[in-house]
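Have a look at the structure below before the remarks.
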Amino acid sequence: MLSQHENELLTRTGADTAMGRLARRYWLPALLSEELAEPDGAPVRVKLMGEPLVAFRATDGSVGLVDEFCPHRGASLVLARNEENSLRCIYHGWRIGCDGTLLDVPTERPESTFKDKLHQTAYPTREAGGMIWTYMGPPDTCPPFPAFAWNTLPATHVYAIKVLQESNFVQGLGGGVAPIHVQFLHRQLDGSGLKQRNVALGGPLDMPPDLYNLDTPYGFISGAIRGHADSARQYVRITPFMMPWWTIVPFPVPEVGTGRGTQAHAWVPLDDEHCWTYYIYFDPYAPIDRGTIDDIFGWSSLLGPGYVKRANAANLYQQDRALMRTTNYSGIANVVLQDLAINETQGPIYNRAKEHLGTSDVSVITLRRRMLQALRAFEDGHEPMGLGPDTDYAAVRAVALAMPADIPWHAAEGEFDRQLEERFAQQAVASTPGS
Ligand code: FES
Ligand SMILES: [Fe+2]
(Lines give C-alpha, C1' and ligand atoms only; values in the text may rest on other atoms or scores of the structure.)
(Ligands and ions follow the chains in the order given, each with its own letter.)
Protein backbone atom coordinates (compact mmCIF):
# COMPACT_ATOMS: atom_id res chain seq x y z
CA MET A 1 0.00 0.00 0.00
CA LEU A 2 1.16 3.51 -0.80
CA SER A 3 -0.04 6.85 0.46
CA GLN A 4 -1.92 9.02 -2.02
CA HIS A 5 1.11 11.30 -2.13
CA GLU A 6 3.52 8.45 -2.96
CA ASN A 7 1.11 7.12 -5.57
CA GLU A 8 1.04 10.53 -7.24
CA LEU A 9 4.85 10.74 -7.07
CA LEU A 10 5.28 7.42 -8.87
CA THR A 11 2.65 7.78 -11.54
CA ARG A 12 2.74 11.42 -12.73
CA THR A 13 5.21 12.16 -15.52
CA GLY A 14 4.41 15.67 -16.77
CA ALA A 15 7.40 18.00 -17.19
CA ASP A 16 6.64 19.73 -13.88
CA THR A 17 6.52 16.54 -11.77
CA ALA A 18 9.31 14.72 -9.91
CA MET A 19 8.97 11.51 -11.93
CA GLY A 20 8.63 13.56 -15.12
CA ARG A 21 11.92 15.35 -14.39
CA LEU A 22 13.67 12.09 -13.51
CA ALA A 23 12.33 10.08 -16.48
CA ARG A 24 13.44 12.85 -18.85
CA ARG A 25 17.04 12.19 -17.83
CA TYR A 26 17.08 8.80 -19.61
CA TRP A 27 17.08 7.91 -23.30
CA LEU A 28 13.69 6.40 -24.11
CA PRO A 29 11.95 4.76 -27.09
CA ALA A 30 9.80 7.31 -28.91
CA LEU A 31 8.46 5.07 -31.68
CA LEU A 32 9.38 2.08 -33.85
CA SER A 33 11.74 2.58 -36.79
CA GLU A 34 9.17 0.89 -39.05
CA GLU A 35 6.74 3.76 -38.38
CA LEU A 36 9.00 6.05 -40.39
CA ALA A 37 9.77 3.71 -43.23
CA GLU A 38 10.97 6.20 -45.86
CA PRO A 39 12.80 9.52 -46.11
CA ASP A 40 10.34 12.33 -46.85
CA GLY A 41 7.43 10.03 -45.91
CA ALA A 42 4.42 10.91 -43.79
CA PRO A 43 5.22 12.43 -40.37
CA VAL A 44 3.88 10.57 -37.34
CA ARG A 45 2.19 12.02 -34.29
CA VAL A 46 4.08 11.04 -31.11
CA LYS A 47 3.01 11.79 -27.56
CA LEU A 48 5.49 11.32 -24.73
CA MET A 49 4.86 12.08 -21.06
CA GLY A 50 2.06 14.45 -22.05
CA GLU A 51 4.07 16.34 -24.70
CA PRO A 52 2.54 16.43 -28.19
CA LEU A 53 5.29 15.86 -30.76
CA VAL A 54 5.69 14.88 -34.37
CA ALA A 55 8.39 12.60 -35.78
CA PHE A 56 9.59 12.58 -39.37
CA ARG A 57 12.27 10.88 -41.41
CA ALA A 58 14.11 13.61 -43.26
CA THR A 59 15.46 13.57 -46.80
CA ASP A 60 18.86 12.32 -45.59
CA GLY A 61 17.30 9.49 -43.53
CA SER A 62 17.82 11.11 -40.12
CA VAL A 63 14.85 11.49 -37.79
CA GLY A 64 13.43 14.75 -36.44
CA LEU A 65 11.23 14.91 -33.35
CA VAL A 66 9.67 18.31 -32.78
CA ASP A 67 6.73 19.98 -31.04
CA GLU A 68 3.61 19.03 -32.98
CA PHE A 69 2.29 22.56 -33.38
CA CYS A 70 3.63 25.18 -35.77
CA PRO A 71 5.23 28.16 -33.99
CA HIS A 72 3.36 30.53 -36.33
CA ARG A 73 -0.30 29.93 -35.52
CA GLY A 74 -0.39 26.43 -34.11
CA ALA A 75 -1.36 24.24 -37.07
CA SER A 76 -0.44 20.58 -36.61
CA LEU A 77 2.79 19.60 -38.30
CA VAL A 78 1.57 16.04 -38.72
CA LEU A 79 -0.03 17.43 -41.91
CA ALA A 80 3.17 19.20 -42.97
CA ARG A 81 5.08 18.61 -46.18
CA ASN A 82 8.19 16.55 -45.42
CA GLU A 83 10.87 17.92 -47.74
CA GLU A 84 14.39 19.35 -47.88
CA ASN A 85 15.35 17.86 -44.49
CA SER A 86 12.51 19.73 -42.80
CA LEU A 87 8.80 19.96 -42.19
CA ARG A 88 7.02 22.69 -44.13
CA CYS A 89 3.73 23.72 -42.53
CA ILE A 90 0.91 23.58 -45.08
CA TYR A 91 -0.88 26.61 -43.58
CA HIS A 92 1.63 29.35 -44.54
CA GLY A 93 4.76 27.46 -45.56
CA TRP A 94 7.02 27.94 -42.54
CA ARG A 95 9.85 25.41 -42.64
CA ILE A 96 11.33 23.74 -39.53
CA GLY A 97 14.50 21.62 -39.39
CA CYS A 98 15.15 18.43 -37.39
CA ASP A 99 16.84 20.49 -34.67
CA GLY A 100 13.95 22.96 -34.37
CA THR A 101 15.63 25.73 -36.36
CA LEU A 102 13.25 27.93 -38.39
CA LEU A 103 14.79 27.54 -41.85
CA ASP A 104 12.31 29.53 -43.85
CA VAL A 105 9.51 31.95 -43.02
CA PRO A 106 8.20 32.82 -46.50
CA THR A 107 5.44 35.08 -45.15
CA GLU A 108 8.12 37.64 -44.16
CA ARG A 109 10.35 39.73 -46.42
CA PRO A 110 13.58 37.95 -47.46
CA GLU A 111 15.76 40.35 -45.48
CA SER A 112 13.76 39.82 -42.26
CA THR A 113 15.57 38.36 -39.22
CA PHE A 114 12.24 37.45 -37.59
CA LYS A 115 12.87 33.70 -37.98
CA ASP A 116 16.21 33.91 -36.17
CA LYS A 117 14.38 34.81 -32.97
CA LEU A 118 12.23 31.68 -33.09
CA HIS A 119 12.95 28.08 -32.19
CA GLN A 120 10.71 25.02 -32.17
CA THR A 121 11.13 22.54 -29.30
CA ALA A 122 13.08 19.60 -30.73
CA TYR A 123 14.62 16.52 -29.13
CA PRO A 124 17.68 14.57 -30.33
CA THR A 125 17.08 11.10 -31.76
CA ARG A 126 19.04 7.88 -32.24
CA GLU A 127 18.05 4.59 -33.87
CA ALA A 128 18.86 1.17 -32.42
CA GLY A 129 17.14 -2.16 -31.88
CA GLY A 130 14.35 -1.33 -34.33
CA MET A 131 13.37 1.76 -32.34
CA ILE A 132 13.82 5.51 -32.57
CA TRP A 133 15.03 6.83 -29.24
CA THR A 134 15.00 10.30 -27.81
CA TYR A 135 16.31 12.27 -24.87
CA MET A 136 13.94 14.91 -23.50
CA GLY A 137 15.96 16.27 -20.60
CA PRO A 138 18.27 19.28 -20.32
CA PRO A 139 20.91 19.12 -23.10
CA ASP A 140 23.82 19.47 -20.68
CA THR A 141 22.84 16.32 -18.74
CA CYS A 142 22.30 13.98 -21.71
CA PRO A 143 23.74 10.57 -20.70
CA PRO A 144 25.59 8.21 -23.06
CA PHE A 145 23.25 6.23 -25.30
CA PRO A 146 22.29 3.08 -23.33
CA ALA A 147 24.33 0.02 -24.20
CA PHE A 148 21.41 -2.36 -23.61
CA ALA A 149 22.19 -5.75 -25.17
CA TRP A 150 19.51 -5.33 -27.84
CA ASN A 151 20.88 -1.94 -28.90
CA THR A 152 24.21 -3.42 -29.91
CA LEU A 153 23.02 -6.49 -31.88
CA PRO A 154 22.60 -6.88 -35.65
CA ALA A 155 19.06 -6.11 -36.88
CA THR A 156 18.53 -9.83 -37.57
CA HIS A 157 18.82 -10.62 -33.86
CA VAL A 158 16.20 -8.14 -32.59
CA TYR A 159 12.49 -7.65 -33.14
CA ALA A 160 10.76 -4.71 -31.43
CA ILE A 161 6.99 -4.23 -31.45
CA LYS A 162 4.59 -2.18 -29.32
CA VAL A 163 0.97 -1.92 -28.31
CA LEU A 164 -1.07 0.84 -26.73
CA GLN A 165 -1.90 0.16 -23.09
CA GLU A 166 -4.76 2.20 -21.68
CA SER A 167 -3.39 2.60 -18.18
CA ASN A 168 -0.64 4.32 -16.25
CA PHE A 169 2.83 2.87 -16.88
CA VAL A 170 3.44 1.75 -13.28
CA GLN A 171 0.67 -0.85 -13.59
CA GLY A 172 2.49 -2.48 -16.48
CA LEU A 173 5.73 -2.48 -14.51
CA GLY A 174 3.98 -4.04 -11.49
CA GLY A 175 3.02 -7.03 -13.64
CA GLY A 176 6.41 -7.16 -15.31
CA VAL A 177 8.39 -7.61 -12.10
CA ALA A 178 6.02 -9.95 -10.26
CA PRO A 179 6.13 -13.57 -11.45
CA ILE A 180 3.37 -14.88 -9.17
CA HIS A 181 0.64 -13.93 -11.66
CA VAL A 182 2.09 -16.28 -14.26
CA GLN A 183 0.69 -19.35 -12.56
CA PHE A 184 -2.81 -17.86 -12.61
CA LEU A 185 -3.30 -15.27 -15.35
CA HIS A 186 -1.11 -17.08 -17.89
CA ARG A 187 -1.98 -20.65 -16.88
CA GLN A 188 -2.75 -23.07 -19.68
CA LEU A 189 -5.19 -25.87 -18.83
CA ASP A 190 -4.45 -28.01 -21.86
CA GLY A 191 -0.70 -28.57 -21.65
CA SER A 192 0.03 -26.14 -24.47
CA GLY A 193 1.79 -22.81 -24.78
CA LEU A 194 3.64 -21.45 -21.81
CA LYS A 195 3.26 -24.54 -19.69
CA GLN A 196 4.78 -26.82 -22.27
CA ARG A 197 7.60 -24.38 -22.97
CA ASN A 198 8.61 -24.11 -19.37
CA VAL A 199 8.29 -27.78 -18.58
CA ALA A 200 10.72 -28.27 -21.46
CA LEU A 201 13.19 -26.10 -19.58
CA GLY A 202 12.76 -28.07 -16.39
CA GLY A 203 10.44 -25.84 -14.36
CA PRO A 204 6.65 -25.85 -14.39
CA LEU A 205 5.30 -22.32 -14.00
CA ASP A 206 2.22 -23.51 -12.12
CA MET A 207 4.29 -24.11 -9.02
CA PRO A 208 4.54 -21.15 -6.56
CA PRO A 209 8.11 -19.83 -6.54
CA ASP A 210 10.27 -18.68 -3.65
CA LEU A 211 10.95 -15.01 -4.34
CA TYR A 212 14.12 -13.06 -3.68
CA ASN A 213 15.20 -9.55 -4.66
CA LEU A 214 18.58 -7.90 -4.74
CA ASP A 215 19.15 -4.15 -5.17
CA THR A 216 21.47 -3.17 -8.01
CA PRO A 217 22.85 0.24 -9.07
CA TYR A 218 20.20 0.45 -11.85
CA GLY A 219 17.21 -0.92 -9.87
CA PHE A 220 17.03 -4.53 -8.71
CA ILE A 221 17.00 -8.13 -9.84
CA SER A 222 14.17 -10.43 -8.92
CA GLY A 223 14.76 -14.16 -8.52
CA ALA A 224 11.96 -16.74 -8.70
CA ILE A 225 13.03 -20.21 -7.62
CA ARG A 226 10.99 -23.34 -8.12
CA GLY A 227 11.71 -26.95 -7.31
CA HIS A 228 12.84 -29.45 -9.93
CA ALA A 229 11.92 -33.11 -10.42
CA ASP A 230 15.56 -33.83 -9.58
CA SER A 231 15.94 -32.61 -5.98
CA ALA A 232 19.61 -31.77 -6.57
CA ARG A 233 18.49 -29.11 -9.02
CA GLN A 234 16.43 -25.93 -8.91
CA TYR A 235 14.65 -23.93 -11.56
CA VAL A 236 15.70 -20.25 -11.45
CA ARG A 237 14.31 -17.24 -13.32
CA ILE A 238 16.05 -13.89 -12.96
CA THR A 239 14.26 -10.71 -14.03
CA PRO A 240 16.00 -7.34 -13.80
CA PHE A 241 14.19 -4.03 -13.35
CA MET A 242 16.00 -0.98 -14.69
CA MET A 243 14.98 2.61 -14.04
CA PRO A 244 12.74 4.14 -15.07
CA TRP A 245 10.43 1.53 -16.74
CA TRP A 246 12.37 -1.45 -18.06
CA THR A 247 12.22 -5.13 -17.30
CA ILE A 248 13.97 -8.01 -19.01
CA VAL A 249 12.46 -11.47 -18.84
CA PRO A 250 13.72 -14.83 -20.09
CA PHE A 251 12.25 -15.95 -23.39
CA PRO A 252 12.38 -19.74 -23.41
CA VAL A 253 11.00 -20.42 -26.89
CA PRO A 254 12.82 -23.33 -28.51
CA GLU A 255 11.66 -22.35 -32.03
CA VAL A 256 13.40 -18.95 -31.97
CA GLY A 257 17.15 -18.30 -32.13
CA THR A 258 19.03 -20.46 -29.65
CA GLY A 259 15.79 -20.96 -27.72
CA ARG A 260 17.32 -19.03 -24.85
CA GLY A 261 16.72 -15.49 -25.98
CA THR A 262 15.19 -12.68 -23.99
CA GLN A 263 12.36 -10.18 -24.06
CA ALA A 264 12.84 -6.65 -22.81
CA HIS A 265 9.75 -4.66 -21.91
CA ALA A 266 9.26 -0.95 -21.47
CA TRP A 267 6.14 0.92 -20.45
CA VAL A 268 6.67 4.39 -21.87
CA PRO A 269 4.02 6.96 -20.90
CA LEU A 270 2.14 8.85 -23.60
CA ASP A 271 0.43 10.57 -20.73
CA ASP A 272 -0.47 9.50 -17.21
CA GLU A 273 -3.36 7.28 -18.35
CA HIS A 274 -1.78 5.62 -21.41
CA CYS A 275 1.54 4.01 -22.21
CA TRP A 276 3.25 2.27 -25.09
CA THR A 277 4.09 -1.25 -24.04
CA TYR A 278 7.20 -2.30 -25.94
CA TYR A 279 8.17 -5.93 -26.48
CA ILE A 280 11.75 -6.32 -27.66
CA TYR A 281 12.64 -9.89 -28.56
CA PHE A 282 16.32 -10.58 -28.96
CA ASP A 283 18.84 -13.37 -28.96
CA PRO A 284 22.49 -12.35 -28.59
CA TYR A 285 23.65 -15.63 -30.13
CA ALA A 286 21.47 -16.15 -33.21
CA PRO A 287 19.04 -14.52 -35.64
CA ILE A 288 15.39 -14.68 -34.63
CA ASP A 289 12.44 -15.10 -36.93
CA ARG A 290 9.74 -12.41 -36.74
CA GLY A 291 7.12 -14.62 -38.33
CA THR A 292 7.57 -17.29 -35.68
CA ILE A 293 7.36 -14.73 -32.89
CA ASP A 294 4.24 -13.21 -34.44
CA ASP A 295 2.64 -16.66 -34.55
CA ILE A 296 3.56 -17.54 -30.97
CA PHE A 297 2.45 -14.21 -29.49
CA GLY A 298 -0.40 -13.57 -31.94
CA TRP A 299 0.72 -10.03 -32.74
CA SER A 300 -1.08 -9.78 -36.08
CA SER A 301 -4.44 -10.77 -34.58
CA LEU A 302 -3.85 -8.62 -31.47
CA LEU A 303 -3.06 -5.34 -33.23
CA GLY A 304 -5.32 -3.12 -35.28
CA PRO A 305 -4.17 0.06 -37.07
CA GLY A 306 -1.85 2.35 -35.11
CA TYR A 307 -0.66 -0.44 -32.75
CA VAL A 308 -4.01 -0.31 -30.95
CA LYS A 309 -5.32 -3.67 -29.80
CA ARG A 310 -8.61 -4.92 -31.21
CA ALA A 311 -9.79 -6.42 -27.94
CA ASN A 312 -10.41 -3.81 -25.27
CA ALA A 313 -12.37 -2.89 -22.16
CA ALA A 314 -15.54 -2.26 -24.19
CA ASN A 315 -15.66 -5.86 -25.46
CA LEU A 316 -14.32 -7.34 -22.20
CA TYR A 317 -11.08 -8.21 -23.98
CA GLN A 318 -12.97 -10.82 -26.02
CA GLN A 319 -12.90 -13.11 -23.02
CA ASP A 320 -14.28 -16.51 -23.98
CA ARG A 321 -15.99 -18.49 -21.21
CA ALA A 322 -15.84 -21.74 -23.19
CA LEU A 323 -12.08 -21.30 -23.62
CA MET A 324 -11.89 -20.66 -19.89
CA ARG A 325 -13.33 -24.10 -19.14
CA THR A 326 -11.19 -26.05 -21.55
CA THR A 327 -8.02 -24.24 -22.55
CA ASN A 328 -6.75 -21.48 -20.31
CA TYR A 329 -7.35 -20.01 -16.92
CA SER A 330 -8.20 -16.46 -18.01
CA GLY A 331 -10.43 -17.14 -21.02
CA ILE A 332 -8.30 -14.56 -22.87
CA ALA A 333 -6.49 -16.37 -25.63
CA ASN A 334 -3.51 -14.08 -26.25
CA VAL A 335 -0.77 -14.02 -23.61
CA VAL A 336 0.15 -10.37 -24.31
CA LEU A 337 -3.50 -9.37 -24.06
CA GLN A 338 -3.84 -11.16 -20.72
CA ASP A 339 -1.37 -8.70 -19.17
CA LEU A 340 -2.76 -5.63 -20.93
CA ALA A 341 -6.34 -6.49 -20.00
CA ILE A 342 -5.66 -7.04 -16.35
CA ASN A 343 -3.56 -3.86 -15.98
CA GLU A 344 -6.26 -1.79 -17.67
CA THR A 345 -8.97 -3.15 -15.38
CA GLN A 346 -7.05 -1.69 -12.43
CA GLY A 347 -8.12 1.73 -13.72
CA PRO A 348 -6.43 4.58 -15.63
CA ILE A 349 -4.25 5.36 -12.60
CA TYR A 350 -4.52 2.65 -9.99
CA ASN A 351 -5.00 3.97 -6.47
CA ARG A 352 -2.51 1.99 -4.39
CA ALA A 353 -3.89 3.41 -1.15
CA LYS A 354 -6.69 0.84 -1.42
CA GLU A 355 -4.78 -2.39 -1.96
CA HIS A 356 -3.79 -5.24 0.37
CA LEU A 357 -0.35 -6.61 -0.40
CA GLY A 358 0.71 -10.06 0.82
CA THR A 359 3.90 -12.06 0.96
CA SER A 360 3.80 -12.90 -2.75
CA ASP A 361 3.93 -9.20 -3.63
CA VAL A 362 7.53 -8.74 -2.52
CA SER A 363 8.71 -7.77 -6.02
CA VAL A 364 6.02 -5.11 -6.34
CA ILE A 365 7.01 -3.72 -2.94
CA THR A 366 10.67 -3.72 -3.98
CA LEU A 367 9.81 -1.99 -7.26
CA ARG A 368 8.04 0.87 -5.50
CA ARG A 369 10.72 1.18 -2.85
CA ARG A 370 13.45 1.45 -5.49
CA MET A 371 11.47 3.91 -7.63
CA LEU A 372 10.73 6.11 -4.63
CA GLN A 373 14.39 5.90 -3.55
CA ALA A 374 15.43 6.93 -7.04
CA LEU A 375 13.01 9.84 -7.00
CA ARG A 376 14.04 11.12 -3.59
CA ALA A 377 17.75 10.82 -4.30
CA PHE A 378 17.30 12.65 -7.59
CA GLU A 379 15.27 15.42 -5.98
CA ASP A 380 18.07 15.70 -3.39
CA GLY A 381 20.52 16.45 -6.20
CA HIS A 382 22.03 12.99 -6.84
CA GLU A 383 22.55 11.55 -10.30
CA PRO A 384 19.64 9.50 -11.70
CA MET A 385 19.68 5.86 -10.59
CA GLY A 386 21.48 3.70 -13.15
CA LEU A 387 23.30 6.50 -14.93
CA GLY A 388 26.48 6.34 -12.88
CA PRO A 389 29.72 4.56 -13.87
CA ASP A 390 28.76 1.55 -11.71
CA THR A 391 26.10 0.37 -14.20
CA ASP A 392 27.09 -1.75 -17.17
CA TYR A 393 23.85 -2.14 -19.14
CA ALA A 394 25.44 -4.53 -21.61
CA ALA A 395 25.88 -7.00 -18.75
CA VAL A 396 22.31 -6.83 -17.41
CA ARG A 397 20.50 -10.02 -18.40
CA ALA A 398 17.51 -12.20 -17.68
CA VAL A 399 17.98 -15.94 -17.48
CA ALA A 400 15.81 -19.01 -16.91
CA LEU A 401 17.42 -22.35 -16.29
CA ALA A 402 17.54 -25.53 -14.31
CA MET A 403 20.74 -25.56 -12.31
CA PRO A 404 22.36 -27.27 -9.32
CA ALA A 405 20.46 -26.45 -6.13
CA ASP A 406 23.65 -25.61 -4.26
CA ILE A 407 24.55 -22.66 -6.50
CA PRO A 408 23.13 -19.33 -5.17
CA TRP A 409 20.24 -18.00 -7.29
CA HIS A 410 21.98 -14.72 -8.03
CA ALA A 411 24.86 -16.68 -9.59
CA ALA A 412 22.48 -18.04 -12.23
CA GLU A 413 23.93 -15.84 -14.97
CA GLY A 414 27.34 -17.49 -14.68
CA GLU A 415 25.72 -20.93 -14.68
CA PHE A 416 23.64 -19.92 -17.71
CA ASP A 417 26.80 -18.97 -19.59
CA ARG A 418 28.49 -22.22 -18.61
CA GLN A 419 25.53 -24.30 -19.86
CA LEU A 420 25.38 -22.33 -23.08
CA GLU A 421 29.09 -22.78 -23.75
CA GLU A 422 28.72 -26.49 -23.07
CA ARG A 423 25.87 -26.68 -25.56
CA PHE A 424 27.75 -24.74 -28.22
CA ALA A 425 30.74 -27.03 -27.70
CA GLN A 426 28.54 -30.10 -28.14
CA GLN A 427 27.04 -28.64 -31.31
CA ALA A 428 30.51 -27.91 -32.66
CA VAL A 429 31.57 -31.51 -32.04
CA ALA A 430 28.36 -32.84 -33.63
CA SER A 431 28.87 -30.73 -36.74
CA THR A 432 32.56 -31.69 -37.17
CA PRO A 433 32.88 -34.05 -40.18
CA GLY A 434 33.79 -37.56 -39.07
CA SER A 435 32.84 -36.98 -35.45
S1 FES B 1 0.48 28.03 -38.89
FE2 FES B 1 2.16 27.05 -39.75
S3 FES B 1 2.92 28.44 -41.22
FE4 FES B 1 1.22 29.46 -40.36
FE1 LIG C 1 2.40 -11.45 -17.47
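With a ≥ b ≥ c the root eigenvalues of the C-alpha gyration tensor of the range 211-304, is it rounded (a/c under 1.5), prolate (a/b larger than b/c) or oblate?
Oblate shape, in that a/c is at least 1.5 and b/c is the bigger or equal ratio.
Starting from the 7 Å offset along Cα-to-Cβ, what nm value, one decimal, do you get for the label separation of Q427 and R369?
A separation of 4.0 nm, rounded to one decimal place.
Give me the dipole magnitude in Debye, nearest 20, for the chain about the Cα centre, with unit charges on the beta carbon: positive for Lys and Arg, negative for Asp and Glu.
Approximately 760 debye in magnitude.
Any idea what the dipole of the range 1-98 comes to, in debye rounded to 20, about its Cα centre with Lys/Arg Cβ at +1 and Asp/Glu Cβ at -1?
For the range 1-98, the charge dipole is close to 260 debye.
With every protein chain present, what is the per residue accessible area of the range 269-329 (1.4 Å probe, Å²)?
50
Compute the Cα gyration tensor for the range 250-396, then decide on rounded, prolate or oblate, letting a ≥ b ≥ c be the square roots of its eigenvalues: rounded whenever a/c is under 1.5, prolate when a/b is larger than b/c in the other cases, and oblate in all that remain.
Oblate, since a/c reaches 1.5 and b/c is not below a/b.
Under the 0.36 nm per residue contour assumption, what length would be gained going from the current alpha-carbon distance of E8 and S300 to full extension?
My answer for the length gained is 101.6 nm.
Considering the dipole of the range 360-435 built from charges on the beta carbon (Lys and Arg +1, Asp and Glu -1) around the Cα centre, which of H410, M371, A394 is farthest to its positive end?
M371
Roughly how compact is the chain, stated as its Cα Rg over 2.2 N^0.38 Å to two decimals?
This ratio for the chain stands at 1.05.
Taking the simple approach of a point 7 Å from Cα along Cα-to-Cβ for both R45 and L79, what is their distance in nm?
Modelled inter-label distance: 1.2 nm.
What nm value, rounded to one decimal, do you get for the distance between K354 and L214 when each label is placed 7 Å out toward the C-beta?
3.8
Assuming R0 = 25 Å, what is the FRET efficiency of E255 and R310, from their Cβ-Cβ distance, to the nearest 0.05?
That gives a FRET efficiency of 0.50.
Using 0.36 nm per residue of separation minus the Cα-Cα distance, give me the extension gain between T141 and K117 in nm, one decimal.
6.2 nm
Mark the label point 7 Å from the Cα of A405 along Cα→Cβ and return the residues of the range 221-241 whose backbone N is within less than 14 Å of it.
Under cut-off, by backbone N: 225-236.
If packing is taken as the mean number of other Cβ atoms within 10 Å per residue, what is the order of 414-423, 155-164, highest first?
Packing proxy ranking, top to bottom: 155-164, 414-423.
For the range 148-160, just list the computed ³J(HN,Hα) in residue order, Karplus coefficients 6.51, -1.76 and 1.60, θ = phi - 60°, integers in Hz, with x standing in for Gly and Pro.
Karplus-based 3J(HN,Hα) across the range 148-160 equals 3, 3, 6, 7, 10, 8, x, 4, 5, 9, 9, 9, 10 Hz.
By the scheme Lys and Arg +1, Asp and Glu -1, what is the net charge of all other residues having a beta-carbon under 10 Å from that of P138?
For residues surrounding P138, the net value is +2.
Between rounded, prolate and oblate, where does the range 1-160 land on the alpha carbon gyration tensor, with a ≥ b ≥ c its root eigenvalues, rounded for a/c under 1.5, else prolate if a/b exceeds b/c?
Oblate, because a/c is 1.5 or more while a/b does not exceed b/c.
The values are calculated or read from the model by the stated rules, or taken from the named source; none is laboratory data. Given the structure is predicted, the values throughout are model-derived calculations rather than measurements. A quick note on method: Cβ atoms are made from the backbone with ideal geometry, for glycine too, and the neighbour counts reach across all protein chains shown. Side chains included, ligands, DNA and RNA excluded: accessible areas come from the protein's heavy atoms. Shrake-Rupley method; radii C 1.70, N 1.55, O 1.52, S 1.80 Å.
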